[in-house]
1. Check whether at least one residue in segment 57-71 is modelled with pLDDT under 95, surrounded by fewer than 19 Cβ atoms within 10 Å (Cβ to Cβ), under 29 Å from Phe177 (Cβ atoms) and not small (Gly, Ala, Ser), and report yes or no.
2. Which residues, counting only those in segment 97-134, are of a type in the set (D, E, K, R) and either farther than 17 Å from Arg60 by Cβ or not in a strand (DSSP E or B) (or both)?
3. So Trp53 clears everything in (1) at pLDDT 85 or above; (2) under 25 Å from Leu109 (Cβ atoms); (3) surrounded by 15 or more Cβ atoms within 10 Å (Cβ to Cβ) except one condition, right? Which one?
4. Of all residues in segment 154-165 being modelled with pLDDT of 95 or more and aliphatic (A, V, I, L, M), which is nearest to Ser100 (Cα to Cα)?
5. Looking at (1) of a type in the set (Gly, Ala, Ser); (2) modelled with pLDDT under 85; (3) under 20 Å from Phe150 (Cα atoms), can you tell me which one Gly106 breaks?
Amino acid sequence: MQKQMRKQILGLVILGASGITQAQFQVNPQMGLTYQHLTPTDKGVTYRAGMGWQLGTDLRFGDRLFFQPGVYLGRNVTAVQTTGSDNLTVEDDLIRTSLSLRALAGYRLVDSYQFDLRFFAGPSYDVLLSVDNKDDKITWNEGDFNKGSFNVVAGLGFDMGHFTLAPTATFGLSRVFTDAGQLSDISSRYLTYGLTIGVNFGDDD
């Protein structure tokens, strides 16, 4: 099913790009911060969001209505606290590296010579590249996590000349953990807030 969804997202990217090749085109390299949380669970595990980073590029096709595919590399941190049957509490930072493939669409709410305000939303698919435990206190490893995660991304874009600023929120649709063993009952999803700053190259008349 995940392979089928990946093909559908890739098809949307190709279809949208080919259908608006005559429209305005921009390239927007960006970098910024992430703040990733996992939704609560009742299995003696609590999460606390930590600060991470992201680096990537958006392509923007269109004028008032636009299509915005993008690729981002991110390093996300979540503090995890587990309590065992003997009431022993262990805390460690889980650090995950992932590649996010996005197929977003949006609309310019304000379109002026000096300032643009954009709203955008759409699906993304995050490919998990690695999982690290900062202090090796938590027994979870990369094999305990699903290799991919489907998400919905929404955000605002503020364009000022050649510079752009974009706060985003990403809501996970897929389970964080695999269905194996004791993790099968933990239905946590990713919830990620991001903020990027970047530059605009291309036609924006």
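1. no
2. If the condition is that a residue be of a type in the set (D, E, K, R) and either farther than 17 Å from Arg60 by Cβ or not in a strand (DSSP E or B) (or both), then Asp126, Asp132, Lys134 are the ones that fit.
3. The failed condition is (2).
4. Within segment 154-165, the match that is nearest to Ser100 (Cα to Cα) is Ala154.
5. Among (1) of a type in the set (Gly, Ala, Ser); (2) modelled with pLDDT under 85; (3) under 20 Å from Phe150 (Cα atoms), the lone unmet condition for Gly106 is (2).
A quick yes/no check of all residues on (1) modelled with pLDDT of 85 or more; (2) within 18 Å of Gly52 (Cα to Cα):
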{"site": "Gly122", "(1), (2)": "yes, no"}
{"site": "Trp140", "(1), (2)": "no, no"}
{"site": "Asp144", "(1), (2)": "no, no"}
{"site": "Pro167", "(1), (2)": "yes, yes"}
{"site": "Thr170", "(1), (2)": "yes, yes"}
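The values are calculated or read from the model by the stated rules, or taken from the named source; none is laboratory data. The shown structure was predicted, so the numbers you read here are calculated from the model rather than taken from an experiment. Note that we place each Cβ from the backbone using ideal geometry, even for glycine, and neighbour counts take in every protein chain shown.
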